[in-house]
Amino acid sequence: MKTKITLLTWMAVNNDPDALESLLKKLGQKYDVEKVIYLYQKEYAEKLEKVQPLSSAINPVEVNVKSPTAHKEIYEIIKREILPMVNDEPNLFINVSSGTPAMHSVWLILYAGGVFPDGTRLVSSQINRKTGGTTCDNVDFPIDTYLSELRRYEKENPKEAIYKPESAKSEARKKALEQIRVYASIQGVPMLLLGERGIGKSRLVESVVSKIKKKDVVSVACGTLDSNLAESAMFGHKKGSFTGATADKKGYFGEADGKILFLDEIQDLPKGVQRKLLRTLQDKKHRYRIVGDDKESTADVELVCASNLNEKELRQKLDPDFYDRISFYRVEMPPLRECREDIETDWNEVWKTVRLDSSPKDAPMDKYLEKYFRTSRLSGNFRTLQSIAYQFIAWNGKKTIAEILKDLPADDSSNGTFDIGEFSEFQNLTWKEATKLFQQKLAEYSCGKYGTQEAAAQKLDCTSKTLQNAMK
């Protein structure tokens, strides 16, 4: 029995119906072509009269491409309109040879990004102009990009919401994810992730960073380490080295040999371990000593640290030299309230991970939730979204969205209240001093968010000179 497949192809304006007929015959020798998603432009619709009689499996799909040579336009249209049609196709074949060179390139770009279903195959159908003979060859285009690995990770972990770098809309998130992409590609240099609780730092390391570095992750929650046994937990110990050491233990650093060692909430790592880890990191071979051992060991470890403190607070908590050593590559992940453009996508992703089989497939949404996403502090970030989703599931239609939102904790309400703790540094200043400090912080934040002083000035409806003066 032949395997059923779906064929995705552009119209070959100069060669169809002959080219498509040849391709269907070639594929039909091995497969049952159950569906043909046939993309065409409106100005060539008359050719469909010649194409459709070839097979009842042909499904014409009109695609409004203004310029068939514009890569970005084609990429966006395919991603927005065509990918949803093929997401659930188990045996997808894509004919890359028809259409313009730009269309051909976009198939390869998307394929390399890992967006198509597992098992998707690229084929190329060609006609020999001299002999009239036709070929249908597999396209050998191995993919080895972190985006394709990330998509594979997503498919293997459907109940885990992950960041999708290519889908980020807000400038703040785009900037942070691009920094991670660049920094994680450098081997042997520690990375420090800063961000509020619930922003998904662990998910970033275990998915995005891991896929870029092509290494597994050994995660350590520093707050769970016993201060008296932290050195043993980090570097391991030999049997009999202290009371209770009844057997050899490898330690997290040894376990992370050839992997990524992720130290979460690094501010909780005891100072003594910080200083010993500093000496290990300063050594190119990463030499360290197991407790009770008379010789040194080495481990090839990539270090990634994370904290929910801001830079100033973390500096005060950590050993100064240790902080300097782990912060060469520092990335600050913005909270959701600074990425409003991404919240609806985040909400849909979170809903997919928590919904039950009996729950609606699409994430709930109405004007109240839209307003909430526009105005709430979302102090728990992704955890706030998860909390809302679990409330929907629990009440199962017995409460309206408005009622559920009303019952949320006060710090996530959208009634205009704020936490005075955010303004603590202004409390002992005069009005003039506080205003000056606020303008400085607003200018620095806006320039960082929008990339340049010119862009920030345009958003704030002021001049670049105003921002320069505020930051002095």
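Every read-out reported here was derived from the displayed coordinates using simple, explicitly stated rules and does not represent laboratory data. Keep in mind it's a predicted model, so treat the numbers as computed, not measured. We place every Cβ from the backbone using ideal geometry, glycine too, and count neighbours over all the protein chains shown.
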| said: Can you give me the C-alpha center-to-center distance between the range 373-399 and the range 208-267, rounded to a whole angstrom? | reply: 35
| note | Once phi for every residue in the range 366-381 is put through the Karplus expression 6.51 cos²θ - 1.76 cosθ + 1.60 (θ = phi - 60°), the whole-Hz ³J(HN,Hα) values, with Gly and Pro written as x, are 8, 5, 5, 5, 4, 5, 4, 5, 7, 10, 5, 6, 6, 4, x, 6
| message | Beyond a 20 Å Cα-Cα separation, which of these cross-linked pairs lie in this structure: Lys4/Lys35; Lys79/Lys175; Lys213/Lys284; Lys215/Lys249; Lys215/Lys285; Lys432/Lys472? | response | Lys79/Lys175; Lys215/Lys249
| request: Any chance you could give the angle, 0 to 90 degrees and rounded to 10, that helix 146-156 forms with the longest Cα principal axis of the chain? | output: 90
| request: Provide the net charge surrounding Ser241, with neighbours chosen by a C-beta distance below 14 Å and charges set as Lys +1, Arg +1, Asp -1, Glu -1. | output: +2
| request: Round to the nearest 10 and give me the degree value, 0 to 90, for the angle of helix 271-282's Cα axis relative to the longest principal axis of the chain. | output: 50
| task | Could you tell me which of rounded, prolate or oblate describes the range 3-138, using a ≥ b ≥ c as the square roots of the eigenvalues of the alpha-carbon gyration tensor, with rounded for a/c under 1.5 and, failing that, prolate when a/b is larger than b/c and oblate otherwise? | result | rounded
| said: Quick query: amide H of Ala256 versus all other amide H atoms, modeled in the peptide plane; which residues come in under 5 Å with a sequence gap of 5 or more or a different chain? | reply: none
| message | Quick check: pseudo-label points 7 Å beyond the Cα along Cα→Cβ at Val139 and Lys214, how many nm apart are they? | response | 2.3
| said: Applying a 10 Å radius around every beta-carbon, put 236-244, 170-178 in order of their mean neighbour count, most first. | reply: 170-178, 236-244
| So how strong a dipole does the chain carry about its Cα centre when Lys and Arg Cβ are +1 and Asp and Glu Cβ are -1, to the nearest 20 debye? | 560
| said: Given an 8 Å cut-off on Cα distances and at least 6 residues of separation, report the relative contact order of the range 211-362 as a percent. | reply: 22
| In debye to the nearest 20, how big a dipole does the range 26-139 give about its Cα centre with +1 on each Lys and Arg Cβ and -1 on each Asp and Glu Cβ? | 420
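Suppose we look only past 22 Å in the calculated P(r) of the range 336-412. What percent of the Cα-Cα pairs does that tail hold?
Values: 392 of 2926 pairs.
Distances greater than 22 Å cover 13 percent of the Cα pairs.
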| task | Go through 84-94, 295-305 and give me the packing order, highest mean Cβ count within 10 Å leading. | result | 295-305, 84-94
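Against the globular-protein guess of 2.2 N^0.38 Å, express the Cα radius of gyration of the range 32-93 as a ratio, rounded to two decimals.
Scaled against compact globular proteins, the figure is 1.21.
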| Given +1 on the Cβ of Lys and Arg, -1 on the Cβ of Asp and Glu, and no further charges, what dipole in debye does the range 336-412 carry about its Cα centre, rounded to the nearest 20? | 220
| message | Can you find, among Asn138, Met234, Ile58, the residue sitting farthest towards the positive end of the charge dipole of the chain, where Lys and Arg contribute +1 and Asp and Glu -1 at Cβ? | response | Met234
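Given all pairs of different Cα atoms, what value in angstroms does the Kirkwood hydrodynamic radius of the chain take?
Result for the chain, one decimal place: 26.5 Å.
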| message | For a Förster distance of 35 Å, can you work out the FRET efficiency between the beta-carbons of Leu442 and Arg197, rounded to the nearest 0.05? | response | 0.90
| said: Give me a comma-separated list of calculated 3J(HN,Hα) values for the range 12-22, in order, Karplus coefficients 6.51, -1.76, 1.60 applied at θ = phi - 60°, integers in Hz, x for any Gly or Pro. | reply: 8, 3, 8, 10, 7, x, 4, 5, 5, 4, 5
| Relative contact order (percent) for the chain, with alpha-carbon contacts under 8 angstrom and 6 or more residues of separation? | 11
| request: Enumerate the calculated ³J(HN,Hα) couplings along the range 226-233 in order (Karplus 6.51 cos²θ - 1.76 cosθ + 1.60, θ = phi - 60°), each rounded to whole Hz, writing x wherever the residue is Gly or Pro. | output: 5, 4, 7, 10, 4, 5, 5, 5
| remark: Projected onto the charge dipole of the chain (unit charges on the beta-carbon of Lys, Arg, Asp and Glu, signs +1, +1, -1, -1), the Cα from Ile266, Pro360, Gly200 with the largest positive-side position is that of Ile266
| query | Using the Cα gyration tensor of the range 64-105, with a ≥ b ≥ c the square roots of its eigenvalues, what is the shape: rounded (a/c below 1.5), prolate (a/b larger than b/c) or oblate (neither)? | reply | oblate
| field | 23 Å tail of the calculated P(r), the range 184-304, as % of Cα pairs | value | 30
